[in-house]
Amino acid sequence: MKDGILKAVSTDGSIRAVIATSTHLVAYARQKHQLSFTATASLGRALTAGLLLAPLITRQGQVALKFQGNGPLGKVFVDASPEGIVRGYVENPQVELPLNAIGNFDVGAAVGKTGYLHVTIDKGFGYPYSSTVELASGEIGEDVNNFLVNSDQTGSIVLVGVHLNSHGVEAAGGLIVQLLPDHTEETICRIENNVSTFGSFTFLMRQGLSLEDILARILDGFTLQIITPVHPVFFRCKCSEERFFEALKVIDKAELVEMAENEGQAEGRCHFCNSYYYVNKDRLLDLASRTT
Ligand SMILES: [Zn+2]
């Protein structure tokens, strides 16, 4: 199944939902960042959460999530646009932890159970704004849920999952169901009951179901109307050689000359996608000669 996202509402006005599959982009992030299994599960959940959250919050611009817990993985950073473009990294990509008591990757221990989730929203106009909530468990999904409950007070259900086998990422995806003002106690019970019958999001993916079918299973009992049909989602970074070169323009002349003479080049690494960029000695000296 190709990675994709779709948005739906229930015709009774009780819920809206965003659902996405992200297997390929999580596999891409794993390879780009050389992620351990634990780091793949952690960043994979965060990338998926970013993709789901962005279209719920804004029509344009981007939403950035920074999970800052006390675990060995360090910071987990993701930014995503409502169009379905996401990128992200973890501070310590090699950290590997034993499976937890229920046989899952121990994302909570890797991220850390104590700390903060910072969410920065840039709607593409005006100033970006941020809000911070305490981490609920470091498991990503519960932390994002905590953020939604704090920000809109209506409550939500967040499922994000990454299933890995010895070859790599087998399935990744998730959904956010937001409760709308017309919801009742029964709305929540029904969804929780549906979720408890299949266990995990990636279990449904591994049955070969389409995105629409997975949504129908999780929201069984609701009549749904698709408001944004399936469209693709990607891991894509904004960095480029040209941007790296532009960034060098703030360095003063003496430092550029020193870099050219001592290193023979300037080297830059993009945290988000682990790409390396180089500017050779001649270009550095040329830039220095045009710098005052
Ligand atoms: Zn990059």
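Just give me a number: lysine pairs in the chain, eight or more positions apart or cross-chain, with C-alpha atoms less than 26 Å apart.
Within the chain, the lysine pair count is 20.
Relative to the longest principal axis of the chain, what angle (0 to 90°, nearest 10) does the C-alpha long axis of helix 23-33 take?
Tilt of helix 23-33: around 30 degrees.
What does the helix-only formula give at 222 nm for the chain: each DSSP H stretch with n ≥ 4 adding -39500 (n - 2.57), the total divided by the residues, and the result rounded to the nearest 500 deg cm²/dmol?
Computed mean residue ellipticity for the chain: -10500 deg cm²/dmol.
From the phi of every residue in the stretch 252-267, what ³J(HN,Hα) in whole Hz does the Karplus formula 6.51 cos²θ - 1.76 cosθ + 1.60 yield, where θ is phi - 60° and glycine or proline is x?
Going residue by residue, I get 7, 4, 4, 5, 5, 5, 4, 4, 5, 6, 7, 8, x, 5, 10, 10 Hz, with x marking Gly and Pro.
Using only C-alpha atoms and all pairs of different ones, pull out the Kirkwood radius for the stretch 136-292 in Å with one decimal.
Values: mean 1/r = 0.0494 Å⁻¹.
Its Kirkwood hydrodynamic radius stands at 20.2 Å.
Quick check on the chain: what are the equivalent-ellipsoid semi-axes from the Cα gyration tensor, as sqrt(5λ), descending, whole Å?
Working: eigenvalues 299, 86, 60 Å².
With the √(5λ) rule applied to the chain, the semi-axes are 39, 21, 17 Å.
Taking Cα centroids, how far is the stretch 147-179 from the stretch 109-123 in Å?
When both Cα centres are located, 14 Å separates them.
Report the Stokes-Einstein translational diffusion coefficient (µm² s⁻¹, integer) for the stretch 244-285, Rh taken as the Kirkwood radius over Cα pairs, at 20 °C with viscosity 1.002 mPa s. Could you put the intermediate results ahead of the total?
Details: Rh = 10.6 Å.
Once the numbers are plugged in, D ends up at 203 µm²/s.
Per residue Cα convex hull volume for the stretch 75-193, in cubic angstrom?
Working: hull volume 18.5 nm³, N = 119.
Cα convex hull per residue, to the nearest whole number: 156 Å³.
How about the stretch 40-87: which trypsin sites (Lys or Arg not before Pro) there are in a DSSP loop, with at most 13 other Cβ atoms within 10 Å of their Cβ? Show your work: numbers first, answer last.
Numbers: sites: R45, R59, K66, K75, R87; in loops: R59, K75.
Answer by residue number: R59.
Just so you know, all these numbers are worked out from the coordinates, no wet-lab data involved. Note that the structure is predicted; figures quoted are calculated from it, not measured. Heads up, the Cβs are rebuilt from the backbone with ideal geometry, glycines too, and the neighbour counts pull from every protein chain shown.
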